[in-house]
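Q: Just dropping this structure here.
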Amino acid sequence: MNCNAWLANIVVSLKNSTQHVTTLPRNIFGRRKGRPLKKERREALEELLPKFEIAKKKLTEDHSCLPDNLFHTPYSSYWLEIGFGQGEHVIALSERNTETGYLGAEPFINGMAVFLKNTKDRNTDNVRVLMDDGMIIARSLGNASLDGIYILNPDPWHKKRHHKRRIINRENLDIFAKILKPGGQLVMTTDVENLAKWMCTYTGNHPDFIWQAGTIEDCLTPPENWIPTRYEQKGAKGSKKMIYLIYKRK
């Protein structure tokens, strides 16, 4: 079945029940470090991570943390990007929207090192990061404290026995609904057709989210002023089209 066909079917079947998946407390699997870090990246990690890192003592995972308390100065709005890879998306956003505070999480050490190296001599004071599971931030933030959440090209966990590791599930969506303001956005992308169907089904069945696609083509077209990620520009081996899924908090 091609992409357009299954998306059309999803629109009809969104009310169907979905399997209940339990969220693991700390959703990090596999390796956290790749090749040995080169000197410049190692130094960036050592020197700059303390500047950008969210203090663990503030991440109490009881929804008591306000984004204002994670920055030196308050911002007019706040967004969270879970799993930002090498951080090119969050860096570009922070430079484009200087009145917005951005929170980012990336557990992969090499990705965090590249992000930190690329922040040198750039205006990224409105970014705070965590080199760990992004759900730690989500479980710590207060009710209705975020304007939006990005989950861009998450690990698809292809094997059926690993589907429980996928970040989009009912429990995590409950958390996202809790910390998003009314009208806040949940923005997701993937080029894996099966994962896109999974995301559509779970998020579409959640009572607190409304799909913002007007037509099937909307899901295959980048939103206005979209900043492509490195992964998106590179393209995964054997991938088809990137799929853009945007939901609004009721």
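The values are calculated or read from the model by the stated rules, or taken from the named source; none is laboratory data. In this text the structure is predicted, and so the values were computed from the model without any measurement. Note that we place each Cβ from the backbone using ideal geometry, even for glycine, and neighbour counts take in every protein chain shown.
Q: Can you name every residue in segment 158-192 that is assigned to a helix (DSSP H, G or I), within 18 Å of the chain's Cα centre (by Cα) and not basic (Lys, Arg)? Steps first, answer last, please.
A: Keep residues of segment 158-192 that are assigned to a helix (DSSP H, G or I), which gives 160-165, 170-179.
Subsequent filtering for residues that are within 18 Å of the chain's Cα centre (by Cα) retains 163-165, 170-179.
Selection gives His163, Glu171, Asn172, Leu173, Asp174, Ile175, Phe176, Ala177, Ile179.
Q: Given the criterion modelled with pLDDT under 50 and closer than 30 Å to Tyr244 by Cα, identify the matching residue among Asn16, Asn9, Asn27. If you could, list the steps in order and put the result at the bottom.
A: Working: Asn9 fails: modelled with pLDDT under 50; Asn27 fails: modelled with pLDDT under 50.
So the residue among Asn16, Asn9, Asn27 that is modelled with pLDDT under 50 and closer than 30 Å to Tyr244 by Cα is Asn16.
Q: Report, by residue number, each residue of segment 198-228 that is within 20 Å of Arg166 (Cα to Cα) and buried (at least 19 other Cβ atoms within 10 Å of the Cβ).
A: Trp198, Met199, Cys200, Tyr202, Thr203, Gly204, His206, Phe209
Q: Here are Leu49, Leu93: which of them is closer than 30 Å to Lys234 by Cα and either in contact with a Phe, Trp or Tyr (Cβ under 9 Å, 6 or more places away or on another chain) or not in a helix (DSSP H, G or I) (or both)?
A: Working: Leu49 fails: either in contact with a Phe, Trp or Tyr (Cβ under 9 Å, 6 or more places away or on another chain) or not in a helix (DSSP H, G or I) (or both).
Result of the check over Leu49, Leu93: Leu93.
Q: Just give me the residues in segment 141-157 being closer than 15 Å to Gly83 by Cβ and either part of a helix (DSSP H, G or I) or of a type in the set (A, V, I, L, M) (or both), in sequence order.
A: Once the filter is applied, which keeps residues that are closer than 15 Å to Gly83 by Cβ and either part of a helix (DSSP H, G or I) or of a type in the set (A, V, I, L, M) (or both), segment 141-157 yields Ile149, Ile151, Leu152.
Q: Looking only at segment 50-70, count every residue that is within 24 Å of Ile227 (Cα to Cα) and either without any contact (Cβ under 8 Å) to a residue 60 or more places away in the chain or surrounded by fewer than 19 Cβ atoms within 10 Å (Cβ to Cβ) (or both) and tell me the total. Outline the logic, then answer.
A: So the first thing to find is which residues in segment 50-70 are within 24 Å of Ile227 (Cα to Cα), and the list is 52-53, 67.
Keeping just the survivors that are either without any contact (Cβ under 8 Å) to a residue 60 or more places away in the chain or surrounded by fewer than 19 Cβ atoms within 10 Å (Cβ to Cβ) (or both) gives 53.
Residues that pass the stated criteria total 1.
Q: Next question, about the same structure. For segment 156-186, name all the residues that are farther than 19 Å from Leu66 by Cα and surrounded by fewer than 16 Cβ atoms within 10 Å (Cβ to Cβ).
A: Those that are farther than 19 Å from Leu66 by Cα and surrounded by fewer than 16 Cβ atoms within 10 Å (Cβ to Cβ): His158, Lys159, Lys160, Arg161, His162, Lys164, Glu171.
Q: Which of the residues spanning segment 202-227 are at pLDDT below 95, among the β-branched types (Val, Ile, Thr) and in a helix (DSSP H, G or I)?
A: Across segment 202-227, the qualifying residue is only Ile216.
Q: Taking the residues in segment 91-119 that are among the β-branched types (Val, Ile, Thr) and more than 18 Å from Ile151 (Cα to Cα) as candidates, determine which candidate is surrounded by the fewest Cβ atoms within 10 Å (Cβ to Cβ).
A: In the first step, residues of segment 91-119 are kept if they are among the β-branched types (Val, Ile, Thr); the result is 91, 98, 100, 109, 114, 119.
Filter once more, keeping what is more than 18 Å from Ile151 (Cα to Cα): 98, 109, 114, 119.
Working: Thr98: 13, Ile109: 17, Val114: 22, Thr119: 21.
Checked segment 91-119; the qualifying residue surrounded by the fewest Cβ atoms within 10 Å (Cβ to Cβ) is Thr98.
Q: List the number of the failed condition for Trp198; all other conditions in (1) under 25 Å from Asn97 (Cα atoms); (2) at pLDDT 95 or above hold.
A: (1)
Q: Another question about this same structure. Considering only segment 52-75, state which residues are touching a strand residue (DSSP E or B) at 6+ places or on another chain (Cβ under 7 Å) and assigned to a helix (DSSP H, G or I). Give the steps one after another, and end with the answer.
A: At the first step, the residues of segment 52-75 found to be touching a strand residue (DSSP E or B) at 6+ places or on another chain (Cβ under 7 Å) are 52-54, 58-59, 63, 65, 67, 70-71, 75.
If the condition is that a residue be touching a strand residue (DSSP E or B) at 6+ places or on another chain (Cβ under 7 Å) and assigned to a helix (DSSP H, G or I), then Phe52, Lys58, Pro67, Leu70 are the ones that fit.
Q: Sticking with this one: Give the residues of segment 160-216 that are closer than 10 Å to Tyr247 by Cβ and charged (D, E, K, R), sorted by residue number.
A: Within segment 160-216, just Asp208 meets the criteria.
Q: If I filter segment 96-140 down to residues being part of a loop (DSSP other than H, G, I, E, B) and in contact (Cβ under 8 Å) with a residue 60 or more places away in the chain, which single residue comes out as nearest to the chain's Cα centre (by Cα)? Show your work before the answer.
A: Step one: filter segment 96-140 for residues part of a loop (DSSP other than H, G, I, E, B), giving 97-99, 106-108, 119-126, 131-133.
With in contact (Cβ under 8 Å) with a residue 60 or more places away in the chain added as a condition, the list becomes 107-108, 119-120, 124, 131-133.
Working: Pro107: 12, Phe108: 14, Thr119: 20, Lys120: 23, Thr124: 18, Met131: 14, Asp132: 13, Asp133: 11 Å.
My answer is Asp133.
Q: Does segment 228-244 contain at least one residue that is touching a Lys or Arg at 6+ places or on another chain (Cβ under 8 Å), of a type outside the set (S, T, N, Q) and not in a helix (DSSP H, G or I)?
A: Within segment 228-244, the subset touching a Lys or Arg at 6+ places or on another chain (Cβ under 8 Å) is none.
No, because not a single residue in segment 228-244 is touching a Lys or Arg at 6+ places or on another chain (Cβ under 8 Å), of a type outside the set (S, T, N, Q) and not in a helix (DSSP H, G or I).
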